[in-house]
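A.B. asks: Here it is: the structure, laid out below.
The values are calculated or read from the model by the stated rules, or taken from the named source; none is laboratory data. This is a predicted model, so every value here is computed, not measured. Heads up, the Cβs are rebuilt from the backbone with ideal geometry, glycines too, and the neighbour counts pull from every protein chain shown.
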């Protein structure tokens, strides 16, 4: 049985299991019906000759469909009729949301498969027309009927033009091998698609009429619907006008002749697919593809600008609360896009797009502030890091970051000393400390060299932290680095309010048997740590040393500890996500540090060197920190007979009641955050795309933590 046939059988089984009459599962039926339909088309396409490149392209679209379908079935089967009311409620809050997200993933994967299948079918028809025009005509008639049938459901959408605009954008987004300038426009298109989708789902205008009403969606007065239609319909007409002027593609071996079939009715029916096909070189080579991209650039820019204004106008029709919800959804999308950008030009375009969104906000009632400022700050931070990487041989840049050793004077007067941290003066002024990153001799066999550590880690880290940081990015400002005695020293500056105060590591506070902070103070501490780890990941850095000794605190005005002004430090093992070749074995040899390392990489295990450090391991360390903050005791004191390798199972086990204690202290939402950190689902595993990981980190950890407060 082929992959497509196995997937088809699996999809039919999934449909049968979801067709129970229960609303929570019936939402998956349209997506499953669409997948079954496209897999039937797939079988039809494969009955005709397909070259190896096209076959590889088609099979690559089956993989995400299969992945989403398997997750959907696993999640569905966790719900059983004999479950108690408590178990059903728990399924709804955890697996229920995952089920909905998986349905969306399945829909997106099916849409991509549909676009590629249509393009492949059209190429087959063109080739057939050259040898057997009559048969090609009959095939074209059948293809048209299938296309109309496949499009029947989307056309019942409550805003048909809006759905068609989104479908058109998707065809453009899956294009590849196009000029850099188009990639910038592609980014703007993706942002506008995200805004349009967020608006449509909030208004309930992108749902099919047959679907049940979702109580979370607002009801819209009829006059507002007419106003929305007044904005969307002209946009759709502009899209049609743009695509109508797109020239037909021609196979490279037929450049001198243009078969008449390219200008017939079939060409008009598949105009969107042709635009998609012409923009890529995966299945067939096209004439003047690059010239087309540049020739259409001005018109495409005008269309994107029109789309931006339309989005701003329709979003402005919503109430302030709905606008804020849309803003939060778009922010999560932009965070994911930011994590994917690995070029300076791409980040510049993203910064421009965020600035444009700020202008759109000014025309509505939606408040400006932290979300956009945070995005801009993080985008600028990442842009600077990439510039440092590109300009690594720039001597002036290096001199700005590197400090002469004689300017720094370590003082050995820390009340709570650390082997990797010392108080220091810089040019005779107090209010600084140094964190050390050791390096081995340059003749070692494995691991990065001293030069690689300086160029790709120390210098980039110093450049990142020397910048103006967002207020929620709780990392002290770095003023530069120096080299001395087999190590690099990163020099950090204390905040002006704490210049003469002693650094207090969280590990010291947790070891005290008295003076437990208030619930509000501990929530503020947890929120600051979560936000900072998230933002480090967004800008492309792994910390690799999250533990209480690296969470720094200072005194407040009343002589107490300012738990809401924590700082993350301890970057001796940190590295950029994009530099896996710079992975080093953890510097710390303290056995207690294994309590904060994922079981895969604990140093007591002989196989720990086989695993490449990834973001999920930082997430695990974050989860252990959150447990300590909730129970206010070091993790090794939670249970005396449990070791580092078993602490995860102990915390998550229903028999130990550890989670129940956390829930009693901080509530169900906090306990779920801990679970998502210690045991993330496959949407955040090692094989997850960066933007998907960031999206789920924000959704499952950052957002619920931010919503926590003490009333």
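A.B. asks: Within segment 49-57, identify whether any single residue is farther than 30 Å from residue 704 by Cβ, modelled with pLDDT under 80, out of contact with any helix residue (DSSP H, G or I) (no Cβ under 8 Å at 6 or more places or on another chain) and not in a helix (DSSP H, G or I), and answer yes or no.
C.D. replies: Yes - at least one qualifying residue is present in segment 49-57.
A.B. asks: Additional query: Hey, residue 540 hits all of (1) at pLDDT below 90; (2) crowded, with 20+ Cβ neighbours inside 10 Å; (3) over 30 Å from the mean Cα position of the chain (by Cα) but one; which does it fall short on?
C.D. replies: (3)
A.B. asks: Further question: Have a look at 19, 57, 13 and point out the one that is surrounded by fewer than 17 Cβ atoms within 10 Å (Cβ to Cβ) and touching a residue at least 40 places away in the same chain (Cβ under 8 Å).
C.D. replies: Result: 13 is the single residue among 19, 57, 13 that is surrounded by fewer than 17 Cβ atoms within 10 Å (Cβ to Cβ) and touching a residue at least 40 places away in the same chain (Cβ under 8 Å).
A.B. asks: Restricting to segment 13-34, and then to whatever is more than 28 Å from the chain's Cα centre (by Cα) and outside any helix (DSSP H, G or I), can you tell me which residue is nearest to residue 88 (Cα to Cα)?
C.D. replies: Filtering segment 13-34 for residues that are more than 28 Å from the chain's Cα centre (by Cα) and outside any helix (DSSP H, G or I), the one nearest to residue 88 (Cα to Cα) comes out as 22.
A.B. asks: Restrict the check to segment 389-400 and report whether at least one residue is on the phi > 0 side of the Ramachandran plot, assigned by TED's automatic domain parsing to the domain that holds residue 543 and modelled with pLDDT under 80.
C.D. replies: no
A.B. asks: Among the numbered criteria (1) in contact (Cβ under 8 Å) with a residue 60 or more places away in the chain; (2) under 27 Å from the mean Cα position of the chain (by Cα), which one does residue 78 miss?
C.D. replies: (1)
A.B. asks: For segment 74-91, how many residues meet the condition of being in a helix (DSSP H, G or I) and either surrounded by 17 or more Cβ atoms within 10 Å (Cβ to Cβ) or in contact with a strand residue (DSSP E or B) (Cβ under 8 Å, 6 or more places away or on another chain) (or both)?
C.D. replies: So the count comes out to 3.
A.B. asks: In segment 660-696, which residues are within 24 Å of residue 635 (Cβ to Cβ), surrounded by 20 or more Cβ atoms within 10 Å (Cβ to Cβ) and at pLDDT below 90?
C.D. replies: Passing the criteria: 680, 684.
A.B. asks: To continue, here is another question. Which condition does residue 512 not pass, out of (1) closer than 30 Å to residue 602 by Cβ; (2) touching a residue at least 24 places away in the same chain (Cβ under 8 Å), if it passes all the others?
C.D. replies: (2)
A.B. asks: Name the one entry in 378, 386 that is surrounded by 14 or more Cβ atoms within 10 Å (Cβ to Cβ), within 22 Å of residue 579 (Cα to Cα) and modelled with pLDDT of 75 or more.
C.D. replies: 378
A.B. asks: Only one residue in 476, 463, 524 is crowded, with 18+ Cβ neighbours inside 10 Å and under 18 Å from residue 623 (Cα atoms). Which one? Step through it out loud before you land on a result.
C.D. replies: Details: 476 fails: under 18 Å from residue 623 (Cα atoms); 463 fails: under 18 Å from residue 623 (Cα atoms).
The conditions single out 524.
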